[in-house]
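Notes for the one structure printed next.
The values are calculated or read from the model by the stated rules, or taken from the named source; none is laboratory data. If you're wondering where the values come from, they're calculated on a predicted model, not measured in any experiment. Positions of Cβ are generated from backbone atoms using ideal geometry, with glycine treated the same way; all protein chains shown enter the neighbour counts. The area values use the complete protein model at the heavy-atom level, side chains included, leaving out ligands, DNA and RNA. Shrake-Rupley method; radii C 1.70, N 1.55, O 1.52, S 1.80 Å.
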Amino acid sequence: MSQDRHISGDFPISSPPNGACFDVIIVGGGHAGTEAAAAAARMGANTLLVTHKAATIGEMSCNPAIGGLAKGQLVREIDALDGIMGRAIDRGGIQFRMLNRSKGPAVWGPRAQADRKLYRRAVQTLLAAQPGLTVVEAGAEDLIFSADGALGGVKTDDGRAFRSGAVVITTGTFLRGLIHLGQQRIPAGRVGEAPSLGLSGTFGRLGLTLGRLKTGTPPRLNGKTIDWAALEIQEGDTPPVPFSDLTASITTPQTVCHITETTPETHRIIRDNIHLAPVYSGQIEGRGPRYCPSIEDKVVRFAERNRHQIFLEPEGLDDPTVYPNGISTSLPEDVQAAIVATIPGLERAEILCPGYAIEYDFVDPRQLSQTLETRALRGLFLAGQINGTTGYEEAGAQGLLAGINAALHAAGGGRTFVLDRADAYIGVMIDDLVTLGTQEPYRMFTSRAEYRLRLRADNADQRLTPLGVAAGCVGPVRRDVFAGKKAALDVARSTLQGLEETPRALAEKGLSVNQDGARRSAWAVLSYPDADTETICRIWPEAAAIPGPILRQAAIEAKYSHYIDRQAADVEAFRRDEGLGIPEGFDYDALSGLSNEVREKLKAAHPGTIGQAARIPGVTPAALTLVLGRIRQGRQARVA
Ligand code: FAD
């Protein structure tokens, strides 16, 4: 197909003719949309990305950081499936830290501060290099349908129509977005950008239930007006550890963050003006993120505390803008200025852009299947903040899954790509969303994962890359890197299992073990709490020949191997229940013996399996037995 191409910023834009056909169309170039577009194209689908502005592809709407507790695991999982977020933050990251290092490696959370501009540029460069992907600047206003009501594509606000039977919508906070700043209300998707209005109507016509959520952002400060000398410094890790298995080392210059805190005077000003906060004046209906509250929320909810920590995060290496992480607010601008002036180091800080809250529509995710396809319309997939989540990582992970499944849908053949709760944090998140729905912006936590000893950041590639290769979303470069690493790990494991010493020899080398006469392997010794890779290399100098990163990963595996073996039975039982499918369209009304409450819960969640049904609060084992009995009856009737 011949297309005009021009450059918007660093990005090649296309103008495919009105009516052009694609295998997959993605709406929205945020964190979900970019992963969806790249994944669908990697799967070989001829993919179109329709987004408002190419220059904002990969834009970080809020905090300039990627990863963190549980979020870092999501980024590693995206990377393991050949997604772009890990590689982008490795190029745009200006301070890398492994959070939770004082705890076990299962809950370590890699995090990096980003240079906003470098991160956006990295996402755009990676997308621009992706074959099979066309980018169009436009707003999607509506869907188009064929005569029989099937999904036919997307209509844009400039009057064009693009055809496809597989569409992924990733509109973030833009659906009927409304900014609140004190008493001011400004229709917007984020500051300075128009909201998306048409698609909410489309979803209503499809019978999808929408809700309203809110989130907020702090004022941005001019770093040149901050008294840095008065503040505590937070250093990054040296050397910085990359997120992606494809990044050899971090070459972007690194910087530091600073820490300050609110004061009793800050809290007094907030309390005196609380009636002006849109959340407390009744101006905002949507629920906000409980775990990422505004400063006014913190002061009200934790009234006993007179200080809250604030991280001063640089927004870029050559940008003086500073993001004060911890004081998200929608109080009026003059109150924000008064608050900032009470904070040590910020007494003379200039506000470059005030904080604000934003309310937006989301779609109740219980109307989606595990592939993120809507049940109301085949071929329509939703991903990201539109499904009630918050955060770049949560959005990116959903985008990746939706993009893969949209490409599989377009290819026909009935294949799907689903990750379960024992495979990945991505599986936990999607299962939580589609089974339980959400009443507030959903963010990932390690505590949400039952099998978190398996779902570590370090082994994301071992868990997921083979699944991605089989699905077709992993390219040859990553496939080869993974194969090399896997072979090295196999060698390391057998080396460590083959190196043995008697208890007496171990004691002589400074390791106190039970003198029971049983020889211990280096692998077994690694599971002892006081043994690490240095201990192993001291006792068995041969182990030092194993490359450092491989030895460290093998050591983590060895440390957890007993627990993971013990958990294997639980995982097997979980997967048995997941294997008991509930047919699409199962008629709960025709099942006598179910209480009305349980019936309504099952009808709202449409669980795809008995395991999923069991996770709905209030669904009893007796109800599950009834459902199972009816499925078996149906099967026997069909066989007869
Ligand atoms: P977005 O990143 O919002 O991307 C949506 C994209 O779709 C944009 O490029 C937009 O231009 C495009 N688009 C929208 N509608 C259309 C259309 N009809 N046609 C074409 N293109 C369209 N996350 C946190 O984890 N913690 C926080 O504290 C936090 N605070 C936030 C505060 C604010 C004010 C905002 C705006 C966001 C905040 N976030 C926060 C959320 C974070 O930014 C999002 O979770 C993340 O960006 C969601 O990614 P997404 O891809 O779903 O959507």
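Filtering segment 205-242 to residues that are in a loop (DSSP other than H, G, I, E, B) and among the charged types (D, E, K, R) leaves Asp227, Glu235, Asp237.
Only one entry of Ala531, Ala558 meets the criterion of being part of a helix (DSSP H, G or I), closer than 28 Å to Ala460 by Cβ and within 36 Å of the chain's Cα centre (by Cα), and that entry is Ala558. Among the residues of segment 139-154, those identified as farther than 22 Å from Phe362 by Cβ and either among the polar types (S, T, N, Q) or at pLDDT 95 or above (or both) are Ile144, Phe145, Ser146, Ala150, Gly152, Gly153. Residues that are surrounded by fewer than 22 Cβ atoms within 10 Å (Cβ to Cβ), assigned to a loop (DSSP other than H, G, I, E, B), of a type in the set (D, E, K, R) and touching a residue at least 24 places away in the same chain (Cβ under 8 Å) are absent from segment 143-156 altogether. Residues that are modelled with pLDDT of 95 or more, more than 11 Å from the ligand (Cβ to nearest atom), surrounded by fewer than 24 Cβ atoms within 10 Å (Cβ to Cβ) and not aliphatic (A, V, I, L, M): does segment 388-411 have at least one? No - not one qualifying residue is present in segment 388-411. Selection over segment 21-38 of residues that are more than 9 Å from the ligand (Cβ to nearest atom) and either open to solvent by 10 Å² or more (accessible area, probe 1.4 Å) or in a loop (DSSP other than H, G, I, E, B) (or both) gives a count of 3. Residue check: is Phe417 modelled with pLDDT of 95 or more, within 16 Å of the ligand (Cβ to nearest atom) and not in a helix (DSSP H, G or I)? The answer is no for Phe417.
Just to be sure before I move on: is Thr251 under 30 Å from Asn459 (Cβ atoms), at pLDDT 95 or above and open to solvent by 70 Å² or more (accessible area, probe 1.4 Å) in the structure I sent?
Numbers: under 30 Å from Asn459 (Cβ atoms): yes; at pLDDT 95 or above: yes; open to solvent by 70 Å² or more (accessible area, probe 1.4 Å): yes.
Considered against the rule, which asks whether it is under 30 Å from Asn459 (Cβ atoms), at pLDDT 95 or above and open to solvent by 70 Å² or more (accessible area, probe 1.4 Å), Thr251 comes out as yes.
Only one entry in Gly468, Gly484 is farther than 30 Å from Trp540 by Cβ and open to solvent by less than 50 Å² (accessible area, probe 1.4 Å), namely Gly468.
Of all the helices (runs of 4 or more DSSP H) wholly in segment 445-515, which have at least 3 residues that are at pLDDT 95 or above?
Hits in segment 445-515: 460-471, 476-498.
Residue by residue through segment 561-618, note down the ones that are over 29 Å from the mean Cα position of the chain (by Cα) and at positive phi. Matches in segment 561-618: Gly585, Gly593.
Tell me which residues, restricted to segment 254-292, are within 16 Å of the ligand (Cβ to nearest atom) and either crowded, with 19+ Cβ neighbours inside 10 Å or among the aliphatic types (A, V, I, L, M) (or both). Listed by number, the residues that qualify are Ala277, Pro278, Val279, Ile284, Gly286, Gly288, Pro289.
To keep it simple, each residue is scored yes or no on (1) open to solvent by less than 20 Å² (accessible area, probe 1.4 Å); (2) acidic (Asp, Glu); (3) free of Cβ contacts under 8 Å to residues at least 12 places away in the same chain.
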| residue | (1), (2), (3) |
| --- | --- |
| Arg519 | no, no, no |
| Pro529 | no, no, yes |
| Ile536 | yes, no, no |
| Ile539 | yes, no, no |
| Pro547 | no, no, no |
| Asp565 | no, yes, yes |
| Val571 | yes, no, no |
| Asp577 | no, yes, no |
| Leu580 | no, no, no |
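Do we find that Val418 is of a type in the set (Val, Ile, Thr) and open to solvent by less than 10 Å² (accessible area, probe 1.4 Å) in this structure? No; evaluated as a whole, the condition is false for this residue. Does Ile536 count as among the β-branched types (Val, Ile, Thr) and at pLDDT below 95? In short, yes.
Of everything listed in (1) touching a Phe, Trp or Tyr at 6+ places or on another chain (Cβ under 9 Å); (2) closer than 30 Å to Thr321 by Cα; (3) of a type in the set (A, V, I, L, M), the single unmet condition for Leu126 is (1).
Within segment 612-621, the set of residues being without any contact (Cβ under 8 Å) to a residue 60 or more places away in the chain and out of contact with any Leu (no Cβ under 9 Å at 6 or more places or on another chain) comprises Gly618, Thr620, Pro621.
Pull up segment 181-196, narrow it to residues that are more than 10 Å from the ligand (Cβ to nearest atom) and part of a strand (DSSP E or B), then point me to the one that is surrounded by the most Cβ atoms within 10 Å (Cβ to Cβ).
Taking segment 181-196 first, the residues more than 10 Å from the ligand (Cβ to nearest atom) are 181-187, 192.
Pick out the ones that are also part of a strand (DSSP E or B) and you get 181, 184-187.
Working: Leu181: 20, Gln184: 14, Arg185: 14, Ile186: 14, Pro187: 11.
Ranking the candidates gives Leu181 first.
For segment 254-360, the strands (runs of 3 or more DSSP E) that sit wholly inside it and include 2 or more residues that are under 25 Å from Gly172 (Cα atoms), at pLDDT 95 or above and among the hydroxyl-bearing types (Ser, Thr, Tyr) are 319-325. The residues of segment 40-83 that are under 15 Å from Leu246 (Cα atoms) and away from the ligand (no atom under 16 Å from the Cβ), listed by number, are Arg76, Glu77, Asp79, Ala80, Leu81, Asp82.
Taking the conditions (1) surrounded by 14 or more Cβ atoms within 10 Å (Cβ to Cβ); (2) in contact with a Lys or Arg (Cβ under 8 Å, 6 or more places away or on another chain) in turn, Gly510 satisfies each one other than (1). The condition of being surrounded by fewer than 19 Cβ atoms within 10 Å (Cβ to Cβ), closer than 20 Å to Asp458 by Cβ and away from the ligand (no atom under 14 Å from the Cβ) holds for only one of Gly86, Gly93, Gly104, that being Gly104. When segment 199-219 is filtered for residues that are open to solvent by 20 Å² or more (accessible area, probe 1.4 Å), more than 24 Å from the chain's Cα centre (by Cα) and in contact (Cβ under 8 Å) with a residue 24 or more places away in the chain, the ones remaining, listed by number, are Gly201, Leu206, Gly207.
Quick one: in segment 107-118, which of the residues that are among the aliphatic types (A, V, I, L, M) and at pLDDT 95 or above is nearest to the ligand (Cβ to nearest atom)? Break it down stepwise before answering.
Filtering segment 107-118 for residues among the aliphatic types (A, V, I, L, M) gives 107, 112, 114, 118.
Restricting the remaining residues to those that are at pLDDT 95 or above gives 112, 114, 118.
Working: Ala112: 15, Ala114: 13, Leu118: 17 Å.
My answer is Ala114.
For Asp587, state whether it is open to solvent by 40 Å² or more (accessible area, probe 1.4 Å), at pLDDT 90 or above, farther than 17 Å from Arg463 by Cβ and not polar (S, T, N, Q). It is true that Asp587 is open to solvent by 40 Å² or more (accessible area, probe 1.4 Å), at pLDDT 90 or above, farther than 17 Å from Arg463 by Cβ and not polar (S, T, N, Q). Filtered by the rule that a residue be of a type in the set (Ser, Thr, Tyr) and free of Cβ contacts under 8 Å to residues at least 60 places away in the same chain, segment 549-563 gives a lone residue, Ser561. State whether one or more residues within segment 200-214 are within 24 Å of Asp318 (Cβ to Cβ) and either within 16 Å of the ligand (Cβ to nearest atom) or not polar (S, T, N, Q) (or both). No, segment 200-214 contains no residue that is within 24 Å of Asp318 (Cβ to Cβ) and either within 16 Å of the ligand (Cβ to nearest atom) or not polar (S, T, N, Q) (or both).
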